[in-house]
Amino acid sequence: MYDTLLSLPLFQGMSQADFNSLLQKIRLDFVRYEQGSVIVSAGERCKSFAFLINGTVESLREGMDGNLSFMEQIDAPSLIEPYSMFGRMGCYQRTYTASTPCSFLMVDKQYIYTELGKYNICRMNLLNILSGRVQQLDNHVWTLQGTDLRGRIIRFIKSLSDIQTGTKKLCIKMNDLAALMDATRLNVSRELNTLEAQGLISLRRKEIIIPALENLI
């Protein structure tokens, strides 16, 4: 467990002496969720840093008009939506459900100000996490690679993904996807069927399943 905690994004690189000192000053809440349990819901206030320390969770985000939803799997160890902890909204953007029995470490956000902020390595880890998120979004906007239909589809799926690897599922009608891609429904259908024939995606009614995003990219 000690090694697992030190592998979590916010604590990586901490010395054992500093980590032992930190453990004496902050409260750690360990919570276990059974498969199918909702961990946090979209719109819920971010009161604690939620570290996934074992198991797998599924994140779900839905479009405002209800015509689009996107799901991806997140494996341990991982920190859930650290970029949503601060700012004007301060709410989770996605709903997280346990895909397998999983365990979380919850650290109240107040300790960022009172204790974690005293350690340079924690401040740098958090800054790197937030900066990485901004850079990822910036790259999606400015990338000129893949201007053909296949490239636009892949870029769209990448832009929805928090993690650029692993299993994803996009739920959308073909007509809606075609409108987003500025293409005809027929051409989008042909491209998706080609990707399926190549083993890169699986198609179901109103669903596009990507077994491994890194292979599609």
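The values are calculated or read from the model by the stated rules, or taken from the named source; none is laboratory data. None of the values given here were measured: they were computed from a predicted structure. Glycine gets a Cβ as well: all are built from the backbone with ideal geometry, and neighbour counts include every protein chain shown. Accessible surface areas use protein heavy atoms only, side chains included; no ligands, DNA or RNA. Shrake-Rupley method; radii C 1.70, N 1.55, O 1.52, S 1.80 Å.
Somewhere in region 74-94, is a residue in contact with a Phe, Trp or Tyr (Cβ under 8 Å, 6 or more places away or on another chain), part of a strand (DSSP E or B) and within 27 Å of Ser21 (Cβ to Cβ)?
yes
Is it the case that region 101-113 has a residue that's modelled with pLDDT under 85, at negative phi and under 16 Å from the mean Cα position of the chain (by Cα)?
No - not one qualifying residue is present in region 101-113.
When you look at Ile74, is it β-branched (Val, Ile, Thr), surrounded by 14 or more Cβ atoms within 10 Å (Cβ to Cβ) and under 13 Å from the mean Cα position of the chain (by Cα), yes or no?
Answer is yes for this residue.
Search region 190-217 for residues that are open to solvent by less than 70 Å² (accessible area, probe 1.4 Å) and pair each with any residue that is among the acidic types (Asp, Glu) when their beta-carbon atoms are under 7 Å apart and the residues are at least 6 apart or on different chains.
Pairs that qualify, where the first residue is open to solvent by less than 70 Å² (accessible area, probe 1.4 Å) and the partner is among the acidic types (Asp, Glu), are Ser202/Glu196; Leu203/Glu196.
Counting only residues that are open to solvent by less than 50 Å² (accessible area, probe 1.4 Å), in contact with a strand residue (DSSP E or B) (Cβ under 9 Å, 6 or more places away or on another chain) and of a type in the set (Val, Ile, Thr), how many does region 154-166 have?
1
For Asp3, are the conditions met, namely being open to solvent by 60 Å² or more (accessible area, probe 1.4 Å) and either on the phi > 0 side of the Ramachandran plot or not in a helix (DSSP H, G or I) (or both)?
No.
Out of the helices (runs of 4 or more DSSP H) lying entirely within region 116-217, which hold 3 or more residues that are among the hydrophobic types (A, V, I, L, M, F, W, C)? It would help to see each step written out before you state the result.
Values: elements: 120-142, 149-160, 174-181, 185-197, 213-216.
Result: 120-142, 149-160, 174-181, 185-197.
Which residues, counting only those in region 18-65, are assigned to a helix (DSSP H, G or I) and of a type in the set (Asp, Glu)?
As a first pass, look at region 18-65 and keep what is assigned to a helix (DSSP H, G or I): 18-23.
If the condition is that a residue be assigned to a helix (DSSP H, G or I) and of a type in the set (Asp, Glu), then Asp18 is the only one that fits.
Results for (1) under 30 Å from Ala178 (Cα atoms); (2) touching a strand residue (DSSP E or B) at 6+ places or on another chain (Cβ under 7 Å); (3) open to solvent by less than 20 Å² (accessible area, probe 1.4 Å), shown as yes or no for each residue.
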| position | (1), (2), (3) |
| --- | --- |
| Pro9 | no, yes, no |
| Gln12 | no, no, no |
| Ser15 | no, no, no |
| Val38 | no, yes, no |
| Ala42 | yes, yes, no |
| Gly87 | no, no, no |
| Cys91 | no, yes, no |
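Please enumerate the residues belonging to region 163-185 that are of a type in the set (A, V, I, L, M, F, W, C) and in contact (Cβ under 8 Å) with a residue 60 or more places away in the chain. Before the answer, list the steps.
Residues of region 163-185 of a type in the set (A, V, I, L, M, F, W, C): 163, 170-172, 174, 177-181, 183.
Residues satisfying the conditions are Ile163, Leu170, Cys171, Ile172.
For region 128-144, does any single residue satisfy the condition of being over 30 Å from Asp182 (Cβ atoms) and free of Cβ contacts under 8 Å to residues at least 24 places away in the same chain? Before the answer, list the steps.
Initial filter on region 128-144 (over 30 Å from Asp182 (Cβ atoms)): 128-131.
Checking which are free of Cβ contacts under 8 Å to residues at least 24 places away in the same chain leaves us with 128, 131.
Looking for residues that are over 30 Å from Asp182 (Cβ atoms) and free of Cβ contacts under 8 Å to residues at least 24 places away in the same chain, one finds at least one in region 128-144, hence yes.
Any idea which residue in region 93-145 is least open to solvent (accessible area, probe 1.4 Å), counting only those that are in contact with a helix residue (DSSP H, G or I) (Cβ under 9 Å, 6 or more places away or on another chain) and of a type in the set (Val, Ile, Thr)?
Ranking the qualifying residues of region 93-145, first place goes to Val107.
If you scan region 91-113, which residues turn out to be within 16 Å of Ser48 (Cβ to Cβ), out of contact with any Ser or Thr (no Cβ under 7 Å at 6 or more places or on another chain) and in contact (Cβ under 8 Å) with a residue 40 or more places away in the chain?
Within region 91-113, Ser103, Phe104, Leu105, Tyr111, Ile112 meet the criteria.
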